[in-house]
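The values are calculated or read from the model by the stated rules, or taken from the named source; none is laboratory data. Bear in mind the structure is a predicted one, so any value in this text is a computation, not a measurement. Positions of Cβ are backbone-derived with ideal geometry, glycine not excepted, and every protein chain shown enters the neighbour counts.
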Amino acid sequence: MSILALQHRLAEGLIVVLLFLFALLQLFPLVWLVDFSLLKSGDFFGSEVLKWPDPPQFQNYVIAWERGRIPLFLLNSLLVCGVSVAVTLYLALTLSYALKRLQWRLSKFFLIVILLGMMIPIHTTLLPNFIVFSLLGIRDNYFSLIIPYVAFSMPLAVFIMTGFLESVPKSLDESAIIDGCGYFAVVFKIIMPVTKPALVTIMILTFISCWNEFIMAATYLSNEDLKTLPFAIYKFTNQFGADYSLQFAVMVMGTIPSLALYFIFNKQIIKGIMVGAVKG
Amino acid sequence: MHKSNRTTIVLLMAPGLLVFCLAILFPLILSGYLGLTDSHGISDARFIGFQNFVELLTNDNVFWSSLLNALLLGLGYVLIQHPICVLLAVLLDKLSGKLELFFQILFFIPAMISVVVVTKLWVNVYNPSFGLLNNLLQAVGLGDFKQEWLADYNLALPSLLAMTIWIGFGYGFLLYYAGIKGVPEELYEAARIDGAGEWRVLFKITLPLLKPVIIVNVTLAMINALKQMEVVYLATGGGPANATQFVANYLYSKAFLSSEFGYANAISVVFALICLGLTIAFDRFTKKDGGLV
């Protein structure tokens, strides 16, 4: 028995070593990024794989924070993502309730149409939306991001929400209607509380995809002051082409908000992605 | 249904449908129209029938090579990334508690980082003068293999595929890991009691039970490969000389770099149709695992 236990221990040790080696392969470029972000730009050249920053150039971060106008872009990102998430949640609730719980002839048709939206690559709408938003006069406006972000988050959100509603007993909301409760009151007072797990999943998935979204921001925005964080990082890395240490510092700062969120909510995020990815 | 109900349905559905039509449906229709013109921008479009589409499908090598690149990326996902994901997921499943959670969190870190940062990071890893890759080669005595990874016509595509596969690893891993977590523990125990070795368990129990998960993941990988854009746009812009071109990036550069707006919209329409067709085909194919339509 003790030999078996020893064998088991050994096998476990071997697995940990293997997994660790692979994690190193995955994360080493990030270690390199942080290391080099603390060097002087002139010290980049050389053949060392990692360099001990002597002394660490923390002012890279100070300069990048100011010249990269990071606080402004963080705020823009938060605003755009916050509004997009809120609207997506509202629409997921109302649409799913109407499509799943109320009986009307075209409900199935509309459900399929909305779900088909999951298959449309955002890239095929970039050119026409560029024109539509120009004509509507909302290019260079937060709405030119919020509208497509909501539109492209909605299909997956409805997919998750309608799936979750299947497990909620119909009697719950039907009896409320019979008791004279209005439809909107049912959605927000009865459906919303019981579908909290689905709402959390939708919130996380929508937030992550909006937070990291780049190509629409690069297409619909040209005003410097409205840029979201990923687009700002892109601009900055091009603008300071030769100043590598500043570029690296900006890239590290760009990862901090997402990683912070990830370390706090890792369980919910991982669970949400497992749910969402299957059909995303 | 009584009248109040009809008003309610309209009130509940209208905002969502409005957004949907404004940002997805109407643009697609507009794209279809613009694809039939020789538009160079917002105004002065002339209707030219199916000329763009004929040109695209019969005479555009870049378009076809973009599709081929997408296929190569898809195969790279399936043949290189997925086996590693399955292996690591199986290994991780054997651990438990804090240790399991620790690695699970670790493996997904790169997937959480914005595509802009990860791509720019990799552009620097490949940098010929100070990049991590060349310095690593130098450090292990393979200095002769130092390359201009993304600038060399023959190396650009493999280099781009490698980084794209690295970037997508976290999601691939998580999907397989979720699938493996779904295999009932009793099956493993029963097999072990019967004296089956680890490899036998893997090939006789885990993989066969994982079949539906594998089918879904392979489908997703092919579709994601087809939709690839951001990494290409940020790393190489499709160059050098279209060696790393992908469809979405191609239509984008046609529209905004060479102002062939009508032609770009024709690519866009064909692209949307390919994606839609492929998804529906795969969906039919995997119908018994819960199809969408």
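Assess whether B:LEU18 counts as being at pLDDT 90 or above, part of a helix (DSSP H, G or I) and touching a Phe, Trp or Tyr at 6+ places or on another chain (Cβ under 6 Å). No, not satisfied. Return the total of residues in the stretch A:103-114 being surrounded by fewer than 18 Cβ atoms within 10 Å (Cβ to Cβ) and either of a type in the set (Phe, Trp, Tyr) or touching a helix residue (DSSP H, G or I) at 6+ places or on another chain (Cβ under 7 Å) (or both). Selection size over the stretch A:103-114: 3.
Here's the yes/no breakdown for (1) more than 23 Å from B:VAL125 (Cα to Cα); (2) within 8 Å of chain B (Cβ to nearest Cβ); (3) surrounded by fewer than 17 Cβ atoms within 10 Å (Cβ to Cβ); (4) out of contact with any helix residue (DSSP H, G or I) (no Cβ under 8 Å at 6 or more places or on another chain):
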site	(1), (2), (3), (4)
A:PHE22	no, yes, no, no
A:GLN26	no, yes, no, no
A:TRP32	no, yes, no, no
A:SER41	no, no, no, no
A:PHE58	no, no, yes, yes
A:PRO71	yes, no, yes, no
A:LEU75	yes, no, yes, yes
A:LEU78	yes, no, yes, yes
A:SER96	yes, no, no, no
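Within the stretch A:116-143, the set of residues being surrounded by 16 or more Cβ atoms within 10 Å (Cβ to Cβ), facing chain B (nearest Cβ under 7 Å) and free of Cβ contacts under 8 Å to residues at least 60 places away in the same chain comprises A:GLY117, A:MET119, A:ILE120, A:PRO121, A:THR124, A:THR125, A:LEU127, A:PRO128, A:ILE131, A:VAL132. Evaluated against (1) in contact with a helix residue (DSSP H, G or I) (Cβ under 7 Å, 6 or more places away or on another chain); (2) closer than 18 Å to A:PRO121 by Cα, B:THR37 falls short on exactly one condition, (2).
Residues in the stretch B:120-151 that are free of Cβ contacts under 8 Å to residues at least 12 places away in the same chain and not in a helix (DSSP H, G or I): B:ASN127, B:SER129, B:PHE130, B:VAL140, B:GLY141, B:LEU142. If the condition is being within 9 Å of chain A (Cβ to nearest Cβ) and touching a helix residue (DSSP H, G or I) at 6+ places or on another chain (Cβ under 7 Å), then the stretch B:120-154 contributes B:LYS120, B:LEU121, B:TRP122, B:VAL123, B:VAL125, B:PHE130, B:LEU132, B:GLY143.
Residue pairs whose Cβ atoms lie under 8 Å apart, separated by 6 or more positions or on different chains, with the first residue in the stretch B:162-186 and at the interface with chain A (Cβ under 9 Å from one of its Cβ atoms) and the second surrounded by fewer than 18 Cβ atoms within 10 Å (Cβ to Cβ) and of a type outside the set (D, E, K, R), are B:PHE169/B:ILE84; B:LEU174/A:MET274; B:LEU175/A:MET274; B:LEU175/A:VAL278; B:ALA178/A:MET274. Of the helices (runs of 4 or more DSSP H) lying entirely inside the stretch A:193-245, the ones with 3 or more residues being under 17 Å from the mean Cα position of the chain (by Cα) and more than 10 Å from every other protein chain (Cβ to nearest Cβ) are found at A:196-212.
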